[in-house]
1. Scan the range B:117-167 for residues that are of a type outside the set (Lys, Arg), assigned to a helix (DSSP H, G or I) and farther than 25 Å from residue B:66 by Cβ and report the count.
2. Check residue B:107 against each of (1) within 14 Å of chain A (Cβ to nearest Cβ); (2) outside any loop (DSSP other than H, G, I, E, B) and name the one condition it does not meet.
3. State which residue is modelled with the lowest pLDDT when the search covers only the range B:161-185 and only residues that are touching a strand residue (DSSP E or B) at 6+ places or on another chain (Cβ under 7 Å) and within 14 Å of chain A (Cβ to nearest Cβ).
4. Any residue that is free of Cβ contacts under 8 Å to residues at least 60 places away in the same chain and among the β-branched types (Val, Ile, Thr) - is there at least one of those in the range A:384-396?
5. Quick one: which strands (runs of 3 or more DSSP E) sit completely within the range B:5-100 and have at least 3 residues that are among the hydrophobic types (A, V, I, L, M, F, W, C)?
6. Give just the number: which of (1) in a loop (DSSP other than H, G, I, E, B); (2) crowded, with 19+ Cβ neighbours inside 10 Å; (3) not assigned by TED's automatic domain parsing to the domain that holds residue A:697 does residue A:603 not satisfy?
7. Which of the strands (runs of 3 or more DSSP E) contained wholly in the range A:1-101 include at least 2 residues that are under 22 Å from residue B:23 (Cα atoms), at pLDDT 95 or above and away from chain B (no Cβ under 13 Å)?
8. Looking at the range A:518-546, which of its residues are among the charged types (D, E, K, R) and over 21 Å from residue A:163 (Cα atoms)?
Amino acid sequence: MAFSRRNFLKYAAMSAGGTLIADTPFLSARARAEAEGGNVRYVPTSCEMCFWKCGAIAKVEKNKQGEDVVVKLEGNPLHPQSMGKLCARGQAGIGQLYDENRLKRPMIRTGERGDGQYKEVSWEEAFNYTADKLKAVIEKYGPESIAMLSHGSPGDYFTNLLKALGSGNIAFSSFAQCKGIRDAAWELTFGHKPGSSCERVDLKNSKVIVLLGTHLGENMHNSQTQEFAEAVGHGAKIICVDPRYSTAASKASLWLPIKPGTDTALLLTWMNIIISEELYDKAYVEQYTVGFEQLKESVQQYTPEWCAKETDLPEADIVAAARDLGRYAPNVVIHPGRHVAWYGNDAQRSRATAILNAILGTWGRPGGMWLPAKGKFASFNDGYPKYSDPAKDPVIKGDYPFAGGEGLTQVVRDTTITGQPYPIKAWFICGTDAMKALPDQRQTLKAIANLDLMIAVDILPSETAMMADVILPECTYLERHDGLFKVEVREAGVGLRQPAVEPMYDTKPAWWIASELCKKMGLADFAVKDSWEARMRRQATAWGIDYDKLADTGYVSLPDSAFPYITADNQPEFKTDSEKIELFSQKLEEHNFDPVPKYEPTDEPEKGMYRLLYGRSPVHTFSRTINDQWLWELHKENQVWLNKKEAESLGVKDRQYVRLENQDKVVSDPIQVKVTERIRRDCVYMVHGFGHNAPRLSRAHKSGADDQQLITRYKVDPITGGTGMRVNFVKIIKEA
Amino acid sequence: MPRYVMVIDQSRCVACMACVVACKRENDVPAEHYRTRVVEMVRGEFPRLRSEMRSELCNHCDNPPCVNICPTGASHKQADGTVQINRRKCVGCKACITACPYDVRYINEEHGYADKCSFCQHRLKEGKEPACVATCIGRSRMFGDLDDPNSEVSQILRETSWRTLKPEVGTKPNVYYINQFPRKS
């Protein structure tokens, strides 16, 4: 239907008497602006308030001065990851755009590292300074001594710069501090990660959903949470395994308040029950898996009675949950989780999750996990030359055989401290507040002290950015192009990011910053040829996509790419050595790891200490959004959740301020206590990302307390190198 | 003339606060004031707990104490069932704020008038749902015309047992709550 203003008004008049619509029908940005008429533009783009990359539509109006102003952000109904809706953070992207605390101009440090003294300089001056220093480091130590820590889109552009320079020392916190462990474990099992754009969990069709420490609702991944609510609405059984009564637990038909660190015991026992009671999917196991006999034998030792003691859960509940899974299999799913860096044996727990899904036959089944979309994307590198091999091997995988390509941030940090096997002397910090992202801040500080050069590319003056020697201010996602983005949900498609408004102040897109630095470093061949948008157009052409249509709608799906479920004609492919699901992993055995997961107990808190658990708020993304005035207003500071009986015995009252002291005598900033029945007695909980030590963040600075400060210990997963961070214990210190 | 009501399926609310931010921006609500909120109520003792997510907003009552007490006629009931405030008539006396049993009104300090949820009246005129409904991640909030027997809200209220908040105060609200707790299937 052509959508003129007249049509729109007619439609509106029609609907006023009957059904209301969520919004002006969105067929395209241009059509909608024309339909509404007047002084308005719509810009479809991709949100970056978290990393789900929802399709968003920015509404742009001219203010009285004639400047473009983003007045509203809405979900793009055409985009499968937002389905017409944005969460609180997505809508509050405007708060980030107009945050008066933003980094506004390039700056060079004038004082001591960390004392916050800078002078504003031109981009030319900043680039010259950076290039001179980089060249000096390369000359003295070699190109491999330049490393990058990143999270988010600026990393892609600087990866190009580092590789062109000859360094492969690039690491993203998304691996070792988050979901990389899980990805590696699922690749060992299924030959696939459990998802790329999002986990391939078919929640809206599930009959039973098991969440282990996955707190959907508080963990606000848009389309997945929409599907979770859909599942709750139609009466799916939710089994929530969490020491804390989370939002998800409040939706559960069975909440299992497990003793922290014992999840693998529960998973293995469930397997034992499901196998011994013959509730598993026999035909599926026969057809698609290897190693069932070894699994069966290995899990026999894990009896419900033993499990009840180990996990501190009622035996009857353990058995009932397993039987529910068996009864409704294969239309059930055990969610793979996302942040799984918990206890240092996390790859084996993730393997156990994967294997439990496998024996229930959930992979490729309705209500289980959908199969990867079959989207063909032609390779495209825009005619860049090949990178030459780095002179020295990157250190980023440490001694961990299954560390992924995203690298291990803490190994880069350790190498920076020790200088072994070679020195790392320059850091690019791109879009990550490393002090908040990595465990043991003391080590991070030690590494930073060892650097000859620290370069920050960021939007806000975070604690880490404000230690850099040179600060290159990036513009926000609403002011730049990024992408194209492959979207892989049930179908494959393509999204993009494009500016709603011009960059404010003297900020620039990361692609431009990295590209200009390439030129300064004598690597013009690796610089962006013309503009990023022109490159996106060429990429779209290579992918067979109409760029103008994509720019006008924000999302283009690839036709005939969705094959979610196994049928006679749609057989799953497992990219493992055996081309089957590996319940028993030869590869792990070759590296002297348990080929079938086994249970290992975790250290327990001493008397008077509580295990420190951390998690998320639905209105914040890690530490990145705390200063956003719209979100800060809703959630200004975090609280420490303390069981009511424990609070009574300590004489601590609800909302009283306390400090937390960990096993290494590190003491937190003051934090309010939430006295609650919603948590076990042996642990406390706080939302991650608060307690900024960043005076230029006028709202976030010293608001709440920092969990990462208390995470001085971490236990490294020997398989993947992930940093288990739930191994710290704290006691409560009452404020005088 | 339609009769607008909101139906809130509490079991589907995940307390994500998308509605709260949508409302604040759509209606330019001043800092530290809200026209809607999500209340989380947890009852019981560990580990036997039960919790309720409850979105609260103006109930657009059929017997509205705010309208009855308003000395200037600024707060008024409209034919479409909504309670609205004529800002020019409002003198900011706060009588309505005292009278409202639901604590959903505030004074816009910059302009001096009382304010509250209008069911996004400006959007209704364009045939659009209120902003909180449009963005509700859990599809917990539903909105429509109770005089239309085929509307989603009419069907739900016919088929589902519902409640309103504080029925004992006799305000006859037009915000209905269903499924106070998730089903224990």
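1. Residues that pass the stated criteria total 7.
2. Checking residue B:107 against (1) within 14 Å of chain A (Cβ to nearest Cβ); (2) outside any loop (DSSP other than H, G, I, E, B), the one that fails is (1).
3. B:185
4. The initial filter retains those residues of the range A:384-396 that are free of Cβ contacts under 8 Å to residues at least 60 places away in the same chain, namely A:386, A:389.
Pick out the ones that are also among the β-branched types (Val, Ile, Thr) and you get none.
Taking every residue of the range A:384-396 in turn, none turns out to be free of Cβ contacts under 8 Å to residues at least 60 places away in the same chain and among the β-branched types (Val, Ile, Thr).
5. Filter on the range B:5-100 gives B:37-45.
6. The number of the failed condition is (2).
7. Working: elements: A:40-46, A:55-62, A:68-75.
The strands (runs of 3 or more DSSP E) meeting that bar are A:40-46, A:55-62.
8. Answer for the range A:518-546, where residues must be among the charged types (D, E, K, R) and over 21 Å from residue A:163 (Cα atoms): A:533, A:537, A:538, A:546.
The values are calculated or read from the model by the stated rules, or taken from the named source; none is laboratory data. Since we're looking at a predicted model, the values are computed, not measured. Because the Cβ atoms are built from the backbone with ideal geometry, glycine has one as well, and the counts that use them run over all protein chains shown.
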